[in-house]
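J.: I'd like to ask some things about the structure below.
No lab work stands behind these numbers, since they all come straight from the coordinates. What you are looking at is a predicted structure, and each value in this text was computed from that prediction instead of being measured. Reconstructed Cβ throughout: ideal geometry from the backbone, glycine too, with neighbour counts over all protein chains shown.
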Amino acid sequence: MEATNSIDRRKFLKITGISGAMLAIGFESLAMDMGDDPMVKAMMAEDFIDGTAINPFVIIGEDGQITIMATIPELGQGINQGIPAIIAEELEVDLNTVNIVKSSATRKYGRQSIGGSRNTRSLYGPMRKLGASTREMFIQAAAKRWGVSADQCYAKDGQVFKKGSNSGLAYSALVKEAAAIEVPKEPALKSKKDFKIIGKSFPRPDLALKVSGQADYGMDAQTEGLLYATIERCPTLQGTITSFDEGAAMAVPGVQKVMKVTRNVYGNNNVGLAVVASSYYAALQGRKALNIKWNNAEFTGISSSRIDKELTKLENEDGYEHVEKGDFKATLDQAAQKIEVRYDLPYLSHTCMEPMNATVHVKEDGTCEVWAPSQSPQVQRQFAKILGIPENQAEEKIKVHLPYLGGGFGRRSMNDSLFECLQISQAMTKPVKLIWSREDDTSQGPFRQRTAHLMKATFDANKQPIGLQHKMISQAITTQGRPSRGRLPFEVMEGINTHYDIPNISTRFVEYKNQIPIHWWRSVFGSTNGFAHEGFMDEVAVMAGEDPLKFRKDRLKSEPRFVKVLERLEKEADWNKKLSKNEGKGMAIVESFGSIMAHAVFLKKEKGKVSIPKVVSVVDCGVYINPDQVAAQTESNIIYGLTAALKDPITFENGAAQQANFDTYRMLRMNEAPRSIEVHIMENDEAPGGMGEPGLPPIAPALANAVYDLSGKRIRRLPFDLQRV
């Protein structure tokens, strides 16, 4: 970063309003003039904060302003405030008085990637410890100044007090002394009963900015001399260019360059042709004029019907063992009755509301500035290798802004758009914003996996289940582009509940490979496994002649948390109330990402139209930060999951995805959504579980089970038309 000059930062903060706005400060490349003081280019959010950094996360100014850095990408899950709230709790400061600043991406904050609903789970303990150790440093500083022992002092509301006295010192008055104290290794943590922030509802400041359009997303990035790019890609994902009309594209006013770029997707370098222009409109017009011809015949054989046949051929494979309890195969000969069915789920697109995009400026002086709407924004080391920058200079020479993300759902953990943009900017040595069209975003993948589930159950003469098998056939994410590892991929069995008290249980995975790339999709394999497993458990309950909820309660007694969730659902949903003949109800319970989630879905059929009057949800996510966010994430998962169950799949013909935009890949509309969603949270002292994904796996099976209760029709393939049941 270039050297700054003598501009007064406090004056600058007051003038721009950055200090109080809680925005992504430093998001725009600051190349403005302020009087005779030219601002520095590529200044990061952290550069505008006055005060002493007690650690990278907590900065306290002598004016009393307490700043806590929000370091994890915010894609709507509330983490921008959630992690600072944990620190503030132990630091003993009022969250309403804290300035939360969205940081840049840099390794001084540790890992900043997000996915797997892991951030609160993994950071809850460390951030509590960080807040508590910071608090104790202020207590020690005050004790030293007063000449008393630290145990004679306590912290409250950003001040340190002597016990039995109203005499207090603000943190701001102690900041210099506190910063010099060695960080306590094992600070005392607060008891849950003393929490003032964790577990309480508090408003999110970013929501007003998003509703009013003031929040800065990746697509909002602006800098002087910005160019725009779009890329024409092979419809079969892989293929080579045989010809194109560069002259026609360059003849479009505003077009400045046409160049090849490569996109690495799990080892495949997919080629595309980028058009760079002074405006996005000009880039699109240039793209339309390219008239590309592709050599892709070897990739055109893939189709949805072919995939179905290939999955069927694998049904008799044993596959990899997941859980083997008892001897399921032996029950096939002993059983008085059997059920054997197959469940199927399609490929799906992530379809973030903000399509993939990136802005990169590779500068002539050898430095680089990046705007990374990414779930894995720490790209400095990878970029440094490409740009020839020594690894030990990567953080210094490559600055990465961290804007808000317009949805992620796992898709933004793949940085393909960032690396495409880097190639273009490197060739131009100018700032370039690359924007994927909605059609690119929908049809180019990677996608959620297509899965088939062979479900078998065996019963004794009293119709009690004695055996259960769930064999799942699918691609695996972590074995793409490489030979099979000869062992079970870690990600594939999420959401399959083997706790049920059935004496013989077998869960297995059969690997399928093809050219279609798949990637983490909200709740990943939980979204597919949960539907098959909990849909089939309803079939087992019906065969046993038992109520589905009671069936689960009776067979999950070894797992008290499950039973408590089911009991709460039974109560809150008024499950045992008799419904009219034009009503139906269904439920499902799935554990994923450290949380247990159960939904009850209610259906009603009036004048030939089926609606969803109500969904009742109960979640056990252990200790939670903000109950409003627990509810919001559950509601979001329900809508996302219902869309996947009721709307369009991604299908393939001649090697290409057939869906392109919202006319062929539809979203759930407001009039189709549940009229009411009730979310109830279990209270306990268990470790925090995830919340960004666990609400999704149980919604599709609960819906399908409600359809059976309403109509007698069993749904085993998604998506389906609710109006045809």
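J.: Counting Lys and Arg as +1 and Asp and Glu as -1, what is the net charge of the other residues whose Cβ lies under 15 Å from the Cβ of GLU511?
T.: Values: positive: LYS313, ARG450, LYS471, ARG482, ARG485, ARG487, ARG508, LYS513; negative: GLU310, GLU315, GLU317, ASP318, GLU321, GLU491.
So the surrounding residues net to +2.
J.: Need one number: nm distance between label points at LYS176 and GLU391, each 7 Å from Cα along Cα→Cβ, rounded to one decimal.
T.: 4.1 nm
J.: What lysines does LYS557 reach when the alpha-carbon gap must be under 21 Å and sequence neighbours fewer than 8 apart in one chain are set aside?
T.: LYS325, LYS463, LYS571
J.: Related question: Between THR97 and ALA427, what is the spin-label point distance in nm, taking each point 7 Å from the Cα along the Cα→C-beta axis?
T.: About 5.6 nm, to one decimal.
J.: Could you please rank THR634, THR52, placing first whichever residue has the fewest other Cβ atoms within 10 Å of its Cβ?
T.: Values: THR634 27, THR52 15.
Arranged by neighbour count, lowest to highest, THR634, THR52 become THR52, THR634.
J.: Read phi for every residue in segment 301-315 and hand back ³J(HN,Hα) as whole Hz from Karplus 6.51 cos²θ - 1.76 cosθ + 1.60, θ = phi - 60°, with x for Gly and Pro.
T.: Calculated HN-Hα couplings, in order: x, 6, 8, 4, 5, 5, 4, 4, 5, 5, 5, 4, 4, 8, 4 Hz.
J.: May I pose another question? Could you tell me what percent of the DSSP beta bridges with both partners in segment 49-195 are antiparallel, to the nearest 5?
T.: DSSP beta bridges in segment 49-195 are roughly 75 percent antiparallel.
J.: Within the set LYS553/LYS614; LYS210/LYS604; LYS176/LYS399; LYS163/LYS190, which residue pairs have Cα atoms separated by over 24 Å?
T.: Exceeds cut-off: LYS210/LYS604; LYS176/LYS399.
J.: Then there is this: With contacts defined as alpha carbon pairs under 8 Å and 6 or more residues apart, what's the relative contact order of the chain in percent? Write down the numbers at each step before the final one.
T.: Numbers: 1582 pairs, mean separation 100.0, N = 725.
Relative contact order comes out at 14 percent.
J.: A further question on this structure: Could you pull out every one of the aspartates and glutamates with an alpha carbon less than 18 Å from that of LYS363, ignoring same-chain neighbours closer than 8 positions?
T.: Cα-Cα hits under 18 Å: GLU2, GLU28, GLU224, GLU391, GLU395, GLU396, GLU420.
J.: Counting other beta carbons within 10 Å of each Cβ, put THR71, THR312, THR664 in order, fewest first.
T.: Values: THR71 25, THR312 12, THR664 15.
Ranked by crowding around the Cβ, least crowded first: THR312, THR664, THR71.
J.: So, one more: How large is the dipole of segment 49-195 about the Cα centre if only Lys and Arg carry +1 and Asp and Glu carry -1, each at its Cβ, rounded to the nearest 20 debye?
T.: Result for segment 49-195 is approximately 500 debye, rounded to the nearest 20.
J.: Let me ask another. Would you mind ranking SER527, SER113, SER133 so that the residue whose beta carbon has the fewest other beta carbons within 10 Å leads the list?
T.: Sorted ascending by nearby Cβ count, the order is SER113, SER133, SER527.
J.: Binning every alpha carbon pair distance of segment 56-128 at 10 Å from zero, what are the percents per bin?
T.: Spelled out per bin, shortest first, that is 19, 56, 23, 2.
J.: Once the other residues with Cβ under 13 Å from the Cβ of LYS156 are scored (Lys, Arg +1; Asp, Glu -1), what is the net sum?
T.: -1
J.: A further question on this structure: Put +1 on the Cβ of each Lys and Arg and -1 on the Cβ of each Asp and Glu in the chain; which of VAL362, GLY695, GLN464 then has its Cα farthest toward the positive end of the dipole?
T.: The residue sitting most towards the positive pole is GLN464.
J.: Can you give the % of DSSP beta bridges in the chain that are antiparallel, to the nearest 5? Before the final figure, lay out each step's value.
T.: Details: 90 of 117 bridges.
Percentage antiparallel, nearest 5: 75.
J.: Mind ranking 77-85, 101-109, 265-273, 193-201 by how tightly packed they are, going by the mean number of other C-beta atoms within 10 angstrom, highest first?
T.: 77-85, 101-109, 265-273, 193-201
J.: Would you work out which of SER523, SER104, ALA335 lies farthest towards the positive end of the dipole of the chain? Charges go on Cβ: Lys and Arg +1, Asp and Glu -1.
T.: Positive-most Cα among the choices belongs to ALA335.
J.: In whole Å, largest first, what are the principal axis extents of the Cα atoms in segment 371-458?
T.: Principal extents (largest minus smallest coordinate, Cα): 63, 31, 23 Å.
J.: Please compute the alpha carbon radius of gyration of segment 49-195, then divide it by the globular-protein estimate 2.2 N^0.38 Å. Two decimals is fine.
T.: 1.04
J.: In the neighborhood of LYS260, defined by Cβ-to-Cβ distances under 12 Å, what is the net charge if each Lys or Arg adds +1 and each Asp or Glu adds -1?
T.: Numbers: positive: ARG233, LYS257, ARG263; negative: GLU232, GLU246, GLU420.
Taking every other residue near LYS260 into account, the sum is 0.
J.: What order do you get for 550-560, 597-607 when each peptide is scored by the mean count of other beta carbon atoms within 10 Å, highest first?
T.: 597-607, 550-560
J.: Let me ask something else about it. With Kirkwood radius over Cα pairs in Å defined as stated, name the option among (1) 26.8; (2) 29.2; (3) 27.9 computed from the structure displayed.
T.: Of the labelled values, this structure produces (3).
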